[in-house]
Amino acid sequence: LVENILLRIVKGTGMKGVIGLRPLGGDLIRPLLFSDMQRIIDYVTINRVTFMEDETNSEDDFERNYVRLRIIPELRKINSALNEAVWRFFENINDGYALIHERVEEVLEQIEFADGVFFVEALKLKEVERAVLLEMVREIVSILSSDKYPPSRERVVAFFDLLISSRGGWTVEFREDIKASKIGRYVFFYGGELRFKRIERQSIDSLPFSRELEGWKISLECNEEVPEAMIERLDGAFNSICSGDKLSFPLSLRPMDERDKIIPFGMSRNKKVIDVVTEKGLKGFSSRIMVLENAFGDILWIPGVVTSELCRVCPSSLDSVVFCLERR
């Protein structure tokens with residue numbers, strides 16, 4: 001343990017690196033981790049245990065051997081109880097890391113994951129304690145990396161500095177093409193290019209209609225009178241209503257196209273859907289955004305974003321349709 005910790009400290013490890021070699025690690029038990037060579041030799045000699053020693057153990061060409069043969073003897077001149085001192089250091093770091101790791105797990109529960117991408121609102125990350133945030137980034141990058149190895153401290157600190165800066169959008173590359181990008185309101189962690197799987201187009205010939213979409217549910221339901229509980233939840237994005245006479249069938253629920261346009265609720269002119277999505281801080285989800293259009297090609301709703309002015313319910317409207325996007 002002593003030589004392992006010294007080597008890691010010299011190479012600039014963090015708390016997790018210090019406690020990386022543990023007495024118990026999953027199915028692996030290291031019963032001799034805290035015994036120095038002399039204790040082992042004394043034991044096998046007294047108990048007449050036959051043993052073999054690797055002849056390279058006496059060569060100081062290797063880093064670990066150099067530390068054991070050259071460095072540790074010098075340190076024992078300062079503290080003869082070096083093993084015990086390092087063990088106390090290990091326990092102190094382990095106790096501190098346990099607290100940070102517990103908070104990291106709490107934060108990770110708030111981060112969403114889809115199609116190999118972690119994403120979360122930037123404002124939520126800014127509320128996280130610095131030490132916890134840095135460790136959380138290491139954890140995410142380790143998960144995304146093929147060798148499960150964490151990024152350097154320099155890269156993680158660069159991420160933190162950009163997160164708390166006033167820059168609108170940015171990208172940090174960690175390792176193995178693993179990146180973090182702030183696009184709009186969200187921060188994304190991903191490998192390669194940021195892209196979600198496109199959702200297939202679906203034709204809607206009648207109501208009611210519902211469709212499950214990887215953790216979400218889209219539903220359309222015709223109502224002569226909208227329930228009061230629903231009215232309280234109307235936000236135009238996740239819960240909305242539309243005049244029934246605008247639903248010319250067949251409807252189409254399809255992926256957004258960069259040429260799409262919509263008249264956002266409360267406005268009188270068309271806007272590009274991609275511009276509306278960008279203004280809402282959701283541009284990073286462009287490949288995942290869907291639109292609901294009627295048979296004439298009018299976009300009535302961008303689920304999770306905005307409803308069209310065309311859907312305005314007037315006193316003359318005979319019935320209305322409730323649009324709902326909810327997490328499952």
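The values are calculated or read from the model by the stated rules, or taken from the named source; none is laboratory data. Quick caveat: nothing in here was measured; it's all calculated off a predicted structure. Here the Cβ positions follow ideal geometry from the backbone for every residue, glycine too, while neighbour counts run over all protein chains shown.
In table form, for the structure just shown:
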quantity	calculated
All positions within the stretch 50-85 that are basic (Lys, Arg) and either touching a Phe, Trp or Tyr at 6+ places or on another chain (Cβ under 7 Å) or surrounded by 14 or more Cβ atoms within 10 Å (Cβ to Cβ) (or both)	Arg68, Arg76
Residues (part of a loop (DSSP other than H, G, I, E, B) and farther than 22 Å from Lys11 by Cβ) located in the stretch 119-174	Glu127, Val128, Glu129, Ile164, Ser165, Ser166, Arg167, Gly168, Gly169
Every residue from the stretch 139-171 that is basic (Lys, Arg) and out of contact with any strand residue (DSSP E or B) (no Cβ under 9 Å at 6 or more places or on another chain)	Lys148, Arg153
Residues of the stretch 87-106 that turn out to be more than 15 Å from Val2 (Cα to Cα), surrounded by 14 or more Cβ atoms within 10 Å (Cβ to Cβ) and aliphatic (A, V, I, L, M), as a count	2
Cross-chain or 6+ apart pairs with Cβ under 8 Å, the stretch 33-59 first and more than 17 Å from Glu84 (Cβ to Cβ), then among the hydrophobic types (A, V, I, L, M, F, W, C) and part of a loop (DSSP other than H, G, I, E, B)	Tyr43/Val49; Val44/Phe51; Thr56/Phe62
Selection within the stretch 235-282 - touching a helix residue (DSSP H, G or I) at 6+ places or on another chain (Cβ under 9 Å) and acidic (Asp, Glu)	Asp257, Glu258, Asp260
Subset of the stretch 265-291 [small (Gly, Ala, Ser), touching a residue at least 40 places away in the same chain (Cβ under 8 Å) and not in a helix (DSSP H, G or I)]	Gly266, Ser268, Gly281, Ser287
The stretch 212-225, residues that are modelled with pLDDT under 95, surrounded by 11 or more Cβ atoms within 10 Å (Cβ to Cβ) and under 22 Å from Phe249 (Cβ atoms)	Leu213, Glu221, Cys222, Asn223
Lone qualifier among Asp60, Asp147, Asp115 - being of a type outside the set (Phe, Trp, Tyr) and assigned by TED's automatic domain parsing to the domain that holds Ser35	Asp60
Filter result for Ser320 (polar (S, T, N, Q) and within 36 Å of the chain's Cα centre (by Cα))	no
Out of Leu247, Leu253, sole residue that is assigned by TED's automatic domain parsing to the domain that holds Val291, surrounded by 15 or more Cβ atoms within 10 Å (Cβ to Cβ) and under 16 Å from Ser320 (Cβ atoms)	Leu247
Sole exception among (1) surrounded by 17 or more Cβ atoms within 10 Å (Cβ to Cβ); (2) of a type in the set (A, V, I, L, M, F, W, C); (3) in contact with a strand residue (DSSP E or B) (Cβ under 9 Å, 6 or more places away or on another chain); (4) closer than 19 Å to Val305 by Cα for Ile274, by number	(3)
Residues within the stretch 27-67 that are part of a loop (DSSP other than H, G, I, E, B) and hydrophobic (A, V, I, L, M, F, W, C), tallied	7
Filter result (among the acidic types (Asp, Glu) and either modelled with pLDDT of 95 or more or part of a strand (DSSP E or B) (or both)) within the stretch 96-118	Glu102, Glu105, Glu106, Glu109, Glu112
Filtered residues of the stretch 153-196 (kept if among the small types (Gly, Ala, Ser) and exposed (fewer than 13 other Cβ atoms within 10 Å of the Cβ))	Ser165, Ser166, Gly168, Gly169, Gly192
Top-ranked residue of the stretch 61-116 - restricted to ones that are within 29 Å of the chain's Cα centre (by Cα) and charged (D, E, K, R), ranked as farthest from Asp36 (Cα to Cα)	Asp115
